[in-house]
1. Label-point separation (nm) for D80 and R197, each offset 7 Å from Cα along Cα-to-Cβ?
2. Counting other Cβ atoms within 10 Å, keep those with at most 15, restrict to DSSP loop, and tell me which trypsin sites (Lys or Arg not before Pro) in the range 59-110 are left.
3. Would you list the P(r) distribution for the range 178-259, with all Cα-Cα distances sorted into 5 Å bins from 0 and each bin expressed as a whole %?
4. May I ask you to compute the full-extension gain from Q98 to V256, defined as 0.36 nm times their residue separation minus their alpha-carbon distance, rounded to one decimal in nm?
5. Largest first, what is the accessible-area ranking of I193, I257 with a 1.4 Å probe?
6. Might you report the magnitude of the Cβ-based charge dipole of the range 204-259 about its Cα centre, with Lys and Arg at +1 and Asp and Glu at -1, to the nearest 20 debye?
7. Relative to the present Cα-Cα distance, how much length would full extension add between N35 and V208 at 0.36 nm per residue of separation?
8. In the range 73-113, with Lys and Arg counted as +1 and Asp and Glu as -1 at Cβ, which of these residues, P108, Q98, I88, has the Cα nearest the positive end of the dipole, that is, farthest along it?
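The values are calculated or read from the model by the stated rules, or taken from the named source; none is laboratory data. In this text the structure is predicted, and so the values were computed from the model without any measurement. Glycine gets a Cβ as well: all are built from the backbone with ideal geometry, and neighbour counts include every protein chain shown. In case anyone asks, the SASA skips ligands and DNA or RNA and just uses the protein heavy atoms, side chains included. Shrake-Rupley method; radii C 1.70, N 1.55, O 1.52, S 1.80 Å.
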Amino acid sequence: MSKYALITGACINTGVAIVEKFAKEGWNVVFTGRNCEKVHAAEKLYKEKFPQSDIIGYHIDSLLDERTVDEKSVEDMFSDLDNKGIFIDTLVLNAADQGLGLEVFENPLTDFMRVINTNMVWNYCLSEHAAKRMKENGGGNIIFINSNTAYRAIPNRIAYSASKGGQLGMMRAMALDLGKYNIRVNAVLPGMIKTDRWEKNPEFYKNVPSRFTPLGDVAVREDVADAVWYFTAFARNTTGAELVVDGGNTIQLYPVINK
Ligand SMILES: NC(=O)c1ccc[n+]([C@@H]2O[C@H](COP(=O)([O-])OP(=O)(O)OC[C@H]3O[C@@H](n4cnc5c(N)ncnc54)[C@H](OP(=O)(O)O)[C@@H]3O)[C@@H](O)[C@H]2O)c1
């Protein structure tokens, strides 16, 4: 019987590439998005493209408000999966609040809370519900889509960098506590990815320093999906690990810019 992966934030961009990677590899996929119509539209497209896979979309938001994670919707989703007899073998925590445009001195504290609550607390909540079932089923696999901004800061992203740095600490601590249940917990750290934001703003992205890497290019969505697949299919004895997918950007003291 084919296994199930759950991928969060998978109506657009990197999440789509991760869903498609698992479906191409013969897995069944559960995915989330926040908007009901977008989830139904994505589910329809995935089902047409991968008729051999069972593909189920849930529309859930991380928060009730900036201060409060919606734990109930996570509980309801996992209960519904239990009722359908579906066990999530692999959880990919891809969805993130990008925390764009938050400036120190300008934004209210609730904006900071919103980013931390989505990227850390909600992901902890999802992990806990998934891991409980993985423990009962003899093991599982949890993968955070993190960011090289966990290590290197970029302007006006304090909340985002904090959330991704905290996420790595959480990933390692979870790997430690869950290892005895044969649950592996790892992280993929992309640098810049060619998403629709990139495609809509080519002039800006052509000139940002994170564009200049030893490999001379940034990641495409499929590079991130392949790293997720590595942790899923080829990393039986790996937990608490970080796989950086940034063209070598963060190994540099400063970017070498060839004009
Ligand atoms: N793009 C980059 O250059 C880059 C670089 C480094 C790391 N990353 C990381 O890679 C992952 C994917 O990035 P991406 O650029 O492909 O993502 P994206 O285009 O920003 O999409 C993020 C997804 O997260 C969902 N999401 C956002 N806020 C949410 C919330 N409050 N509750 C529930 N879901 C929420 C969105 O749902 P809706 O579809 O409902 O809006 C969307 O599907 C993220 O973890 C990101 O931090 C990205």
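1. Placing both labels 7 Å along Cα→Cβ, they lie 2.8 nm apart.
2. Listed in order of number, the matching sites are R67, K84.
3. Bins of 5 Å from zero give 3, 14, 21, 18, 16, 11, 8, 5, 3, 1, 0 percent of pairs.
4. Result for the pair: 54.2 nm of gain on full extension.
5. Values: I193 30, I257 85 Å².
The most accessible residue leads, giving I257, I193.
6. Charge dipole of the range 204-259: 200 debye, to the nearest 20.
7. 59.2 nm
8. Result: I88.
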